[in-house]
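Everything on this sheet refers to the single structure shown next.
The values are calculated or read from the model by the stated rules, or taken from the named source; none is laboratory data. Only a predicted model underlies this, so the values are computations on that prediction, with no experimental measurement involved. With ideal geometry, Cβ positions are generated from the backbone for all residues, glycine too; neighbour counts draw on all protein chains shown.
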Amino acid sequence: MNTPVIRKILHIDMDAFYASVEQRDNPELRGKPIAVGGSSKRGVTTTASYEARVFGVRSAMPGYMAKQLCPDLIFVSPRFDVYREVSYQIREVFREFTDVIEPLSLDEAFLDVTVNKKEIPYGMEVAQKIMDRVQAETQLTCSAGVSYCKFLAKVASGMKKPNGLTVITPKRAEAFLEKLPVKDFFGVGKVTAKKMHNMGIQTGADLKRFSRLELLKFFGKRGDFYYNIVRGIDNRPVDAHRIRKSLGVERTLENNLGTVEEITPILFHIIDTFCERLEKADNYGRTITLKLKTANFQTLTRSHSKSYFIRNKKEITDIAFLLLRENATAFDKIRLIGLTASNLEREQDAGADGQLSFDWEE
Ligand code: TTP
Ligand code: MG
């Protein structure tokens with residue numbers, strides 16, 4: 001009888017990625033609190049240096065708020081072409097060890113190193129070697145998580161940032177998950193975490209008290225995922241051939257909104273993020289889709305296609321608002337808005353944008 005092979009999965013994630021690149025390339029910024037992006041009107045930060053995080057500055061924070069928290073904050077414009085270049089460099093490093101690489105964004109990827117090109121028996125040793133090689137190639141640090149499945153590798157990589165390496169063995173997995181706050185579960189977004197908190201679920205141990213059926217009842221098909229994950233069961237393979245068919249952004253609203261006037265500022269904000277995401281991914285679509293979820297959980301989608309790739313922000317804005325107005329009479333209140341680009345220029349460019357394939361928030 002074959003004994004099942006325990007996989008060795010790594011999750012590698014660059015530390016304060018854009019900010020570290022900026023500090024690397026401009027010595028004057030080193031040791032200082034900086035935020036990348038966020039200086040324009042309505043602009044939000046993409047990320048902050050560790051010096052700025054001490055003050056509470058975070059990703060996706062409006063610039064004015066970041067400045068309030070940290071008056072000495074220096075805003076730096078993003079340079080996506082440089083981030084992309086670093087992203088290629090780190091993927092080349094990964095490729096020295098394995099071809100089973102699933103990028104999640106420019107700065108993070110899953111690697112399956114169960115079998116690796118250097119024939120290193122320990123996942124932890126592979127991870128350490130990769131961290132060293134990444135630093136040598138890019139003068140930047142990354143953090144690594146090592147485990148037997150994607151979920152735990154991903155959680156592990158965030159535990160000792162920056163420049164940290166964390167291993168979660170199968171033996172430690174269940175105890176670790178019991179203590180883990182559900183808000184830190186990969187795949188549990190803000191809305192679900194809140195719902196779980198309302199149900200008295202704070203940690204993995206609390207979550208474990210619910211049966212599969214109960215979780216299915218409360219969370220639909222995601223209930224099955226939560227049931228398994230809290231028991232350390234995650235058999236998803238590292239998918240080196242994930243094909244991206246669309247790129248999008250969606251937001252669940254804090255309050256359900258009814259009129260076009262109420263929705264307008266939020267849609268502007270979504271358009272900003274959406275355009276940034278397309279630019280970051282360096283990928284554009286011929287079709288733009290607006291998705292609205294109504295207060296009574298109906299999903300409305302409307303699309304607009306062109307014969308060319310839609311890159312221009314003004315045009316994207318016009319299309320988004322056209323689609324919103326076309327829908328305006330179809331709902332009473334809405335609870336979620338999303339924008340998606342499809343018919344992409346580069347459907348093969350798996351995960352080059354930062355959106356996770358299993359962000360199952362909504
Ligand atoms: P992350 O890996 O989430 O963050 P980070 O690398 O800046 O910091 P950490 O050390 O905690 O990993 O994201 C990678 C890059 O993606 C980040 O540097 C900037 C960009 N980004 C955005 O543009 N918007 C966002 O909301 C987030 C979270 C990241
Ligand atoms: Mg990172």
Can you pull out the residues in segment 59-76 that are surrounded by fewer than 16 Cβ atoms within 10 Å (Cβ to Cβ) and either among the aliphatic types (A, V, I, L, M) or touching a strand residue (DSSP E or B) at 6+ places or on another chain (Cβ under 7 Å) (or both)? ALA60, PRO62, MET65
Of all residues in segment 229-241, how many are touching a residue at least 60 places away in the same chain (Cβ under 8 Å) and either touching an Asp or Glu at 6+ places or on another chain (Cβ under 6 Å) or crowded, with 16+ Cβ neighbours inside 10 Å (or both)? 6
Do we have ASN235 as within 30 Å of ARG53 (Cβ to Cβ), part of a loop (DSSP other than H, G, I, E, B) and touching a helix residue (DSSP H, G or I) at 6+ places or on another chain (Cβ under 9 Å) here? no
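Looking at this structure, is SER59 small (Gly, Ala, Ser), within 13 Å of ligand 1 (Cβ to nearest atom) and out of contact with any Leu (no Cβ under 9 Å at 6 or more places or on another chain)?
yes
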So, of the residues in segment 18-35 that are more than 16 Å from ligand 2 (Cβ to nearest atom) and not charged (D, E, K, R), which turns out to be surrounded by the fewest Cβ atoms within 10 Å (Cβ to Cβ)? PRO27
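Yes/no per residue for (1) under 18 Å from the mean Cα position of the chain (by Cα); (2) closer than 24 Å to LEU247 by Cβ; (3) modelled with pLDDT of 95 or more:
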| position | (1), (2), (3) |
| --- | --- |
| LEU104 | yes, yes, no |
| VAL115 | no, no, yes |
| GLY123 | no, no, yes |
| LYS129 | no, no, yes |
| GLU137 | no, no, yes |
| GLY145 | yes, no, yes |
| LEU152 | yes, no, yes |
Grab the helices (runs of 4 or more DSSP H) fully contained in segment 1-101, keeping just those with 3 or more residues being farther than 23 Å from ALA156 by Cα. 17-25, 63-69, 80-95
Would you please name the residue that is farthest from ligand 2 (Cβ to nearest atom), looking only at residues in segment 1-17 that are hydrophobic (A, V, I, L, M, F, W, C) and touching a residue at least 60 places away in the same chain (Cβ under 8 Å)? VAL5
Exactly one of (1) closer than 18 Å to LYS161 by Cβ; (2) crowded, with 20+ Cβ neighbours inside 10 Å is unmet by GLY38. Its number? (1)
Going through (1) more than 14 Å from ligand 2 (Cβ to nearest atom); (2) in contact with a Ser or Thr (Cβ under 8 Å, 6 or more places away or on another chain); (3) at positive phi; (4) modelled with pLDDT of 95 or more one by one, GLY38 fails only at (4)
Being outside any strand (DSSP E or B), out of contact with any helix residue (DSSP H, G or I) (no Cβ under 6 Å at 6 or more places or on another chain) and of a type in the set (Gly, Ala, Ser) narrows it down to one of ALA109, ALA127, so name that one. ALA127
Members of segment 80-125 that are farther than 23 Å from LYS8 by Cα and in contact (Cβ under 8 Å) with a residue 60 or more places away in the chain: PHE80, VAL82, TYR83, ARG84, VAL86
Do the conditions hold for GLY248, that is, is it away from ligand 2 (no atom under 16 Å from the Cβ), surrounded by fewer than 19 Cβ atoms within 10 Å (Cβ to Cβ), closer than 30 Å to LYS41 by Cα and not assigned by TED's automatic domain parsing to the domain that holds VAL182? no
(1) of a type in the set (A, V, I, L, M, F, W, C); (2) in a loop (DSSP other than H, G, I, E, B); (3) buried (at least 19 other Cβ atoms within 10 Å of the Cβ) all hold for ALA330 apart from (3)
Anything in segment 143-180 that is away from ligand 2 (no atom under 16 Å from the Cβ) and in a loop (DSSP other than H, G, I, E, B)? List them, or say none. TYR148, CYS149, ILE168, THR169, LEU180
On the basis of being at negative phi, within 11 Å of ligand 1 (Cβ to nearest atom) and surrounded by fewer than 21 Cβ atoms within 10 Å (Cβ to Cβ), does ASP15 make the cut? yes
Which of the residues spanning segment 136-164 are of a type outside the set (D, E, K, R), within 14 Å of ligand 1 (Cβ to nearest atom) and touching a residue at least 40 places away in the same chain (Cβ under 8 Å)? THR138, LEU140, THR141, CYS142, SER143, ALA144, GLY145, ALA156, SER157, GLY158, PRO162, ASN163
Limited to segment 86-113, what total is found for residues that are within 16 Å of ligand 2 (Cβ to nearest atom) and of a type in the set (Asp, Glu)? 3
